[in-house]
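The values are calculated or read from the model by the stated rules, or taken from the named source; none is laboratory data. Quantities reported herein were computed from a predicted structural model and do not represent experimental measurements. Don't worry about glycine lacking a Cβ; one is built from the backbone with ideal geometry, like all the others, and counts go over all protein chains shown. Remember, those area values only see protein heavy atoms, side chains included, never the ligands or the DNA or RNA. Shrake-Rupley method; radii C 1.70, N 1.55, O 1.52, S 1.80 Å.
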4 protein chains.
Amino acid sequence: NKRKIAIFIGSRANYGTGKAVMKAVKDHPSLILQTIVGASALLDHYGEVVKLIEADGFTIDARVHMLIEGASPLTMAKTTGIGMSELATAYDNLKPDVVIAVGDRFEVLAAAAAAAYMNIPLAHIMGGEISGTIDESIRHAITKLAHIHFPSSEAAKKRIIQMGERPEMIFAVGCPRMDLIRDILEKKKLDLSFEGVGAGAIDITKPFLFVSQHSVTTEFGSGEKDINAILDALTELKIQTIMLWPNSDAGSEDVSRGIRKFRERTKDNPPFPLHIFKNLPVHNYFHLMNSTACMIGNSSSLLREGSFIGTPGVLVGSRQQGRDRSENVIAVKHDKKEIVAAIKKQLKHGKYKSNHSYGKGDAGKNIAAVLVKVKPDIQKLFREIKHNGL
Amino acid sequence: NKRKIAIFIGSRANYGTGKAVMKAVKDHPSLILQTIVGASALLDHYGEVVKLIEADGFTIDARVHMLIEGASPLTMAKTTGIGMSELATAYDNLKPDVVIAVGDRFEVLAAAAAAAYMNIPLAHIMGGEISGTIDESIRHAITKLAHIHFPSSEAAKKRIIQMGERPEMIFAVGCPRMDLIRDILEKKKLDLSFEGVGAGAIDITKPFLFVSQHSVTTEFGSGEKDINAILDALTELKIQTIMLWPNSDAGSEDVSRGIRKFRERTKDNPPFPLHIFKNLPVHNYFHLMNSTACMIGNSSSLLREGSFIGTPGVLVGSRQQGRDRSENVIAVKHDKKEIVAAIKKQLKHGKYKSNHSYGKGDAGKNIAAVLVKVKPDIQKLFREIKHNGL
Amino acid sequence: NKRKIAIFIGSRANYGTGKAVMKAVKDHPSLILQTIVGASALLDHYGEVVKLIEADGFTIDARVHMLIEGASPLTMAKTTGIGMSELATAYDNLKPDVVIAVGDRFEVLAAAAAAAYMNIPLAHIMGGEISGTIDESIRHAITKLAHIHFPSSEAAKKRIIQMGERPEMIFAVGCPRMDLIRDILEKKKLDLSFEGVGAGAIDITKPFLFVSQHSVTTEFGSGEKDINAILDALTELKIQTIMLWPNSDAGSEDVSRGIRKFRERTKDNPPFPLHIFKNLPVHNYFHLMNSTACMIGNSSSLLREGSFIGTPGVLVGSRQQGRDRSENVIAVKHDKKEIVAAIKKQLKHGKYKSNHSYGKGDAGKNIAAVLVKVKPDIQKLFREIKHNGL
Amino acid sequence: NKRKIAIFIGSRANYGTGKAVMKAVKDHPSLILQTIVGASALLDHYGEVVKLIEADGFTIDARVHMLIEGASPLTMAKTTGIGMSELATAYDNLKPDVVIAVGDRFEVLAAAAAAAYMNIPLAHIMGGEISGTIDESIRHAITKLAHIHFPSSEAAKKRIIQMGERPEMIFAVGCPRMDLIRDILEKKKLDLSFEGVGAGAIDITKPFLFVSQHSVTTEFGSGEKDINAILDALTELKIQTIMLWPNSDAGSEDVSRGIRKFRERTKDNPPFPLHIFKNLPVHNYFHLMNSTACMIGNSSSLLREGSFIGTPGVLVGSRQQGRDRSENVIAVKHDKKEIVAAIKKQLKHGKYKSNHSYGKGDAGKNIAAVLVKVKPDIQKLFREIKHNGL
């Protein structure tokens, strides 16, 4: 009787992290993988991650559509509620022995809470980190529901202990995205086709910028202004740029609108070559991070993968506030001048050397090894530590 | 422009705690109360708390049915998901400035998460305590979603600080149930009518036992055995007993079945006078706690209200595991002998003196006073404290 | 490539009808059966039909909890909505070629509408009949969503044609419940065990009455008065009685309360021997209909199965208003005197002879044979018939 | 005590029809209007109809987000289910005396079924018509749930009678969209601003084409090919064109994609001046129908409003299959040649004279007058008519 390990993949980012774990679980003789795909991972609008998953050889055990249209804080809440109800049904039908929840996006709380309520041991990957947006609250709430913790770094582990979790259930295995990066940069090649939405002649053998900017849910409504600051900076720099379409967080419509208007406005005379991808296969995303002269935006990958790869980065705004970072990143406000200055500095510096604070690229196997043996107590109990409140 | 304070009442117990806060908010000139009633608080089966609320002079601003039948861990999860989706709609229509979530029952996470996702400041009452069942996880998850904390005791406050919350947003105002108790024991009288389900001749001027036993969600399936241990003990003691019907947690059917079978089995020759209430008005509940010779079961009121009132109590099983308690309680296992011995000991001891570790009975007003002025930062940020993990 | 035929079973009554179809589909070499169980069929409170289904050798392909507690018109609507959302997910995962919806209970609209919306050919069993309650509206709404119709009688077929459906997609195959009856009365024996809730000494070798009374959703609130009229009549007649617990329609609580109060009230001196079954295996239900001196209530089985079996019946109230009936039934109001008189008349008459207007007991095989070959047009189109409005 | 009349507005099209009724109800001294807005009517992506409603002076009593992203048959089903659950809550809080459902879009079944289940008299506008897509099934299913019918024409009334409804509850008052048209063409002027998405120099004082093409849910997947046939025809004709973005039916993404690709493909050398509106205020829509040289597509407005206005029209494909039409329309397949030929024919013919088979423009007041007095029986009963099945 092998242990059935269900993983919930709700987004492009989720799969980027989950893939190495899924592979390790699937390949382990004592484990059975159950793949549940939901939320934006099912939607064409966000690049239909489900097709990538199947192309990678995984079987989908349940599909759960749950995304309420609107991309607002309200619809994020409704989506999560509906997801929780439907994922409970999926667990009831699949009867997993462990559920894995990855990260801190809004819909992940649905997967986590449903498992905890149903007395299914919950394993959480990427807990204990610090960031901005509602993700900050969700991540820690999931930690308090989880039975097994797989933080990406020792700093994260220390915070999970602080929150009252038992050290013997916390495994600082590194971040599974690093596994993927190592694998990809070793084996695959960049294979970009510049079809679809986009403008003009990008030559990736020459220096290019790479932009990945999402909305900030706790600053709902400012997304258009924020992306505009970046677009203004790019307009001044006039360097060829590859950009990613925003994910499905509340406010993504604002970011999208800013991009659409910019393209409409400049379509007769684009100030710089710009190509926008709705979705990028994970391996191309990392190859671009590996090749770009400077990555700009507020994606957590700037800090995490960027640190491992050594990508020169400009972190714009509050979205990753408080998240551990290494020397590859310069943080600036949504201000054209600051952005321009920081990009110039990074262009001068060039690539950084690889930093292993988020793992060495073996997290997937480490996690599988733990899941075979771990015996969590289904009844959680707050563990008090000595402290004086400071 | 007064602040609109929405409170979610999802159960009988919720209202017992929330009432003093609702009264203080409603009476405050700078606040407007919005009352949202849902889950078992709407159902006849659980005593239709909504009628008590209206009888107390409160207006219901929204009613949200959400309870999926089944009373299992699965249906608890589904209920919470559906509640989250529907409460988001209620907030969207009512536009509260603050949402108050009370306690740690499963459906309360729905009210809390919906507010946090929608960037509405979330105030949480009764955080930082420790107990058994899934409540333990839910309570702390809500803390990590909440912006303002109203723990009942200093010990609870210390745990909330440990979890990374900012001390300036934590107000140890005491437990609002104590307000109610003080008020009730001062003003109202016990007014029992022994209609409805029940057996025979209870004389409350003579010593009687009082039983309040619920299911333990993390020990799903053991409810019948557990209540039977208590019923066996009562059968040996042969003292007149008043009992409460279990709440709607997963597993409540098991407890109910045990009680039903016992009554069926003994209906021709009841071993002791027994009366069972499906629902008790809050004031009678506290009066019974004030008058009983010994209270038995696993309700948290044994520890909290019992401590304030000085009720001699026998705490059975793991449901309140870890919760702070004072000298009025003897804890035992689900074992007939242990239960009998502990009851006998309490009968000999008699009433304890009042203990104020859960507040002095002025929490409602304290909370209203804070809600008028507090300015929480909608973006939460983990606060690291110095600790060595021990 | 065999056709995958999914059937939705949402209640005890549903399974009584669906069973013969499920058996025929499962046994057919060109069809694959997919069994989806939901609503009250999953709940212990209603006898957990799902266990009977598994005991009969069927595999459950999906379980969908959906019943919102409350048993009111409001919660019926919410249940159906949630069911529609979740059944869509189930169809998405199972990919059936045809979905079968049985009858007209509230949750069946969820199963039917989800299939029609998803362009899955919908087959409907028991359309075209006439009755009271909201079932009357639901049944015909399902007809207008369905692509293939399996009415139980020629009269029903004529009404489906009237509603604008194409005659070549209407198959008057008879009612599959008759298959079951024929099979049961031939092969199985009555095997009653008088455990569980109940009172006393029923001797089924002597004349006994059999009561099956449900709530009437469009007369919400009158359930208690209605059952009381029957209980009063029984009290006068003093004949031993077997009774069934009501189903989960809105208002069922009212009927249940009436029964509970009666038993409480008369527990020291029961006016007649009374045994109440929460759930009866289908075969015992039909054996009791075959043996009873007179069946009383408002269940449709009085008219349908009763006609086939020849059960002397007293139909009380409006619930089956307009439904085709044969000579075995006397219809009366909720009036003690009328009920008493009708029962006496039936006791005198004794058993009726079998009537085949609802089929000969071969509907299951007929339906399977159609499902193998039928090619419905997924785009429905109203078929106008000549009429002058009279 | 005035009657409370709730209306559900779920889309742009819904409001176009509902507006005249809302105005008449709001202005009637014996009626109170309750406006419930949901589905795509709340979304920016579809033009945020809710803002138009408020700008017209109506108060929104409840907002219900329900649209599951995906625009597929599956998500249409899920959306309807979630809508049914949430609208039940809205009715429970608003307690309307009558609910009005308009038309046949997928989410309207949610509003209709919730009302019928809750024993709230349901009035249906635009029943009894014939069309293609799933709308055909939904429209008639709503008829079988409705208590009061307001068909737009005598032909539609006859079909409602055929379906077994009682003639005294069917009021052929005309279509309320005609009220609006009459009012608009009399009072308002065309006031187009060619901002937003679009290309170039449209001069509406010269002949222009007007395109409104939606997806066909029962031909899911063909939307891109269909719009391409039209775009090819336009490319050949080279006449300036105004186009509308498709609505939120399943498959709308396909139509949108076709349009997007066309614009991308031809952006350097547009074959004809093309402007696309995401949303048009209703009055501009009708003015364009009044001024266009020829309207092309599959919107029902071609047949209904077009008939009243006398718009020369080319109806493409099956979406309005079977719907009553008058002489202003030429029906063709999704074939470039046929489309070109039909447009040329209409350009030669010019405007048609107004046809009143869909009403004279006084439906709103007629409906309000009925709603004041009508006393529907909440228990529906199928009315058999004499027919021989032909």
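General remarks:
- Sorting B:163, C:118 by solvent-accessible area of protein heavy atoms yields C:118, B:163, largest first, with a 1.4 Å probe.
- Shape class for segment D:129-208, computed from the alpha carbon gyration tensor (a ≥ b ≥ c): prolate, with a/c not under 1.5 and a/b above b/c.
- Highest-MSF residue in chain D out of D:101, D:62, D:146 [GNM, Cα springs under 10 Å]: D:62
- Under 17 Å of direct C-alpha separation, and excluding same-chain neighbours fewer than eight residues apart, residue D:375 reaches these lysines: D:2, D:4.
- Restriction of the GluC sites (Glu not before Pro) in segment C:326-390 to DSSP coil positions whose beta-carbon has at most 12 other beta-carbons within 10 angstrom yields C:327.
- Within 10 Å of the Cβ of each residue in B:90-96, the mean number of Cβ atoms contributed by other protein chains is 4.
- Rounded percent of accessible protein surface that carbon and sulfur make up, chain B, 1.4 Å probe: 51 percent
- Cross-link table B:261/C:278; A:51/A:278; B:19/C:78, entries beyond 19 Å C-alpha to C-alpha: B:19/C:78
- Accessible area (Å², per residue) of segment C:264-312, counting only protein heavy atoms and a probe of 1.4 Å: 28 Å²
- Protein-protein interface of segment C:39-79, residues with accessible area decrease of at least 50 Å², isolated chain reference, 1.4 Å probe: C:63, C:65, C:68, C:69, C:74, C:77, C:78
- Cα gyration tensor shape of the protein assembly as shown, rounded if a/c is under 1.5, else prolate or oblate by comparing a/b with b/c: oblate
- Candidate aspartates and glutamates for bridging to residue D:337, where Cα separation is under 12 Å - those fewer than 8 sequence places away on the same chain excluded: D:232, D:236
- Between segment D:347-379 and segment D:48-90, the alpha-carbon centres lie 25 Å apart.
- Computed [θ] at 222 nm, helices only, for chain B once each DSSP H run of length n ≥ 4 contributes -39500 (n - 2.57): -12500 deg cm²/dmol
- Loop-resident GluC sites (Glu not before Pro) (DSSP state other than H, G, I, E or B) in segment C:188-274 with no more than 13 further Cβ atoms inside 10 Å of their Cβ: C:195.
- Cross-link table A:144/A:336; C:26/C:206; D:144/D:373; D:158/D:365, entries beyond 30 Å C-alpha to C-alpha: A:144/A:336; C:26/C:206
- Checking every one of the trypsin sites (Lys or Arg not before Pro) in segment D:18-64 against DSSP loop status and a limit of 16 other Cβ atoms within 10 Å picks out no site at all.
- Here is the interface size for D with C: some 5000 Å² of accessible area buried, both sides summed, with a 1.4 Å probe.
- Teacher prompt: residue A:221 distances to equivalent labels in other copies, 7 Å Cα→Cβ, nm: 4.5, 4.5, 5.2
- Solvent-accessible area per residue for segment D:66-190 (1.4 angstrom probe, square angstrom): 20 Å²
- Buried on complex formation within segment D:343-390 (loss of at least 40 square angstrom of accessible surface versus the isolated chain, 1.4 Å probe, ligands and nucleic acids ignored): D:379, D:381, D:382, D:384, D:385, D:387, D:389, D:390.
- Number of partner chain Cβ atoms within 10 Å, mean per residue of C:135-143: 6
- What separates the Cα centres of segment C:208-234 and segment B:220-292 is a distance of 31 Å.
- Shielding score for D:106-114, defined as the mean number of other chain Cβ atoms within 10 Å: 4
- Solvent-accessible heavy-atom area per residue, rounded to whole Å², over segment B:318-390 at 1.4 Å: 58 Å²
- Cβ charges +1 (Lys, Arg) and -1 (Asp, Glu), total dipole of segment C:137-288, debye: 200 debye
- Under 14 Å from residue B:23, Cα to Cα: aspartates and glutamates that are on another chain or at least 8 residues apart: B:54, B:56, B:179, B:183, B:362
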